[in-house]
Amino acid sequence: MRRGQVEKVLVSALWGVGLLFLLGIVIFPFYYMIMASFKPALQLQAHPADLSLSWAQVTNFSAYVDVWNNQGIGRYFFNSAYVSVLTTLLTLSLATLGAYAVARLRFPGRGVMTKSILLVYMFPAIVIVIPLYVIFSKAGLRDSLNGLILVYLAQTLPVAIYMLDSYFRTLPKDLEEAGIIDGCSRFSVIWRITLPLSLPALASVALYTFMIAWNEFLFALLFLDNTKIMTLPRGIQTIANSIDLSPQLLMAAAVITTLPVIVLFLSFERFLVGGLTSGGVKG
C-alpha cells in the first residue's frame with residue numbers, strides 16, 4: 001500500500017472515530033434521560049450505571065402520565081407553547097418589516113440603526129433584569145405570560161432583524177422592481193416576492209426564536225410567581241425542589257420539555273434544505 005493510500009486510510013479512520021465520539025457525547029445524555037424516565041425509581045437509584053431497558057419498561061408510560069397530570073407539566077407545557085408560538089409570530093412579523101426597511105429603503109439614521117441593531121447584546125441579561133422588574137411591576141405586567149412575551153420579544157427581535165437584513169441584501173432587486181412596475185404595492189412585493197424567496201432565513205429565525213422562548217429560564221424565574229402560568233423551565237425547577245419527587249418523574253419531565261424542540265428542529269431542517277433551492281433570477 002502506497003504512502004498516500006495509507007494517509008487516506010488513517011484520515012478516514014480518525015474521522016470515523018471523531019464522528020463516533022461526537023455522536024456519543026451528544027446522544028448519550030438524551031439516551032440516559034429517556035432510559036431513566038422509564039426505569040422504576042428504586043431500580044434507578046440502586047443501579048444508576050445500568051443502561052439497559054426491558055420491553056416491559058419501554059412500554060410503561062406511568063411516569064409520563066403521572067408527571068403530566070399530577071405534577072402540572074401539562075399546564076406548564078401549554079403555557080410554554082403559548083409564549084413560544086406568540087413570541088415567534090410577533091418576532092417574525094416585526095423583524096420582516098424592520099429588516100426589509102433597513103435593507104431596501106433609504107431614510108435618515110439608517111446606517112446608525114444598522115450598526116447599532118445588536119447593541120442590546122453587549123449587555124448580559126442579568127444587567128437589565130432589575131430595571132425590567134421594576135418597570136414591569138409598576139406597569140402591572142409582572143407575573144403574566146404577556147409580559148414575559150414582551151421580554152422575549154426584546155431579546156429575539158434584534159438578532160432576527162440582523163439575520164433577515166443580511167439575507168434580504170442577497171436577494172436580487174430585479175424581481176421586486178418588476179413587481180412594482182406590474183402594479184404591486186410595497187407590502188404586496190414583500191408578501192408575494194420577498195417572503196417566498198426568504199423561506200430559509202425565515203425558518204432559521206423562527207427556530208431560533210422558538211428555542212429561546214421555549215428554553216429561557218432566568219426571566220421566567222424572576223417574573224413568574226403564580227404556578228398556574230409558569231412555563232416549562234420554571235415549572236420543572238419548582239417541582240424539582242420537591243423532596244418527594246423521584247428521579248424518574250424528573251427525567252420524564254425533561255423528556256417532555258426536550259422532545260418538541262428536537263421534532264421542530266428536524267422538521268425545519270428538511271424545510272431549510274428544500275427552501276435553499278427555491279427562488280432566483282432566470283436568465
* Asked: Under the rule of -39500 (n - 2.57) per DSSP H run of 4 or more residues, summed and divided by the residues of the chain, what mean residue ellipticity at 222 nm is obtained, to the nearest 500 deg cm²/dmol?
  -> -23500 deg cm²/dmol
* **Unit Cα scatterers, Debye sum, the chain: log10 I(q)/I(0) for q = 0.10 Å⁻¹** => -0.75
* Using alpha carbons only, how many degrees (0 to 90, rounded to 10) separate the axis of helix 125-139 from the longest principal axis of the chain? -> 80 degrees
* To do: Considering the options ALA101, MET251, MET33, tell which one lies farthest towards the positive end of the dipole of the chain, charges being +1 on Lys and Arg and -1 on Asp and Glu at the Cβ, about the Cα centre.
  => ALA101
* Nearest-20 debye value, the range 151-204 charge dipole, Cβ charges on Lys, Arg, Asp, Glu -> 120 debye
* To do: Once every Cα of the range 3-60 carries one equal point scatterer and solvent is ignored, give the base-10 log of I(q)/I(0) from the Debye formula at q = 0.12, 0.13, 0.31 Å⁻¹, two decimals.
  => -0.47, -0.51, -1.16
* Cα-centred dipole magnitude for the chain, charges only on beta-carbon of K, R (+1) and D, E (-1), debye, nearest 20 -> 740 debye
* Structure fact -> Taking alpha-carbon centroids only, the range 28-70 lies from the range 206-264 a number of Å equal to 19 Å
* So how far apart, in nm, are the two label points at PHE30 and ARG110 if each is 7 Å from Cα heading toward Cβ? -> 4.3 nm
* Asked: Any idea how far the Cα center of the range 170-184 sits from the one of the range 89-140, in Å?
  -> 28 Å
* Asked: Points 7 angstrom from Cα along the Cβ direction at LEU20 and GLN43: gap in nanometres?
  -> 2.9 nm
* Can you list which of the trypsin sites (Lys or Arg not before Pro) found in the range 23-110 are DSSP loop residues with at most 11 other C-beta atoms within 10 Å? => ARG106
* Structure fact -> Pseudo-spin-label distance ASN215 to ASN241, built 7 Å along Cα→Cβ, given in nm, is 2.4 nm
* Asked: Counting other Cβ atoms within 10 Å of each Cβ, which chymotrypsin sites (Phe, Trp or Tyr not before Pro) in the range 143-244 have at most 13 and sit in a DSSP loop?
  -> PHE217
* Taking only Cα atoms and a 10 Å spring cutoff, compute GNM fluctuations for the chain and point out the largest among PRO40, PRO260, PRO29. => PRO29
* Extension gain (nm, one decimal) between VAL9 and CYS184, 0.36 nm per residue minus Cα-Cα -> 57.1 nm
* So what's the angle, to the nearest 10 degrees on a 0 to 90 scale, between helix 247-275 and the longest Cα principal axis of the chain? -> 30 degrees
* Asked: Tilt of helix 3-38 relative to the longest C-alpha principal axis of the chain, in degrees (0 to 90, nearest 10)?
  -> 70 degrees
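No value in this document is a laboratory result; all are computed from the given coordinates. The model shown is predicted, which means the values in this text are computed figures rather than measured ones. Virtual Cβ from ideal backbone geometry, glycine too; neighbours counted across all protein chains shown.
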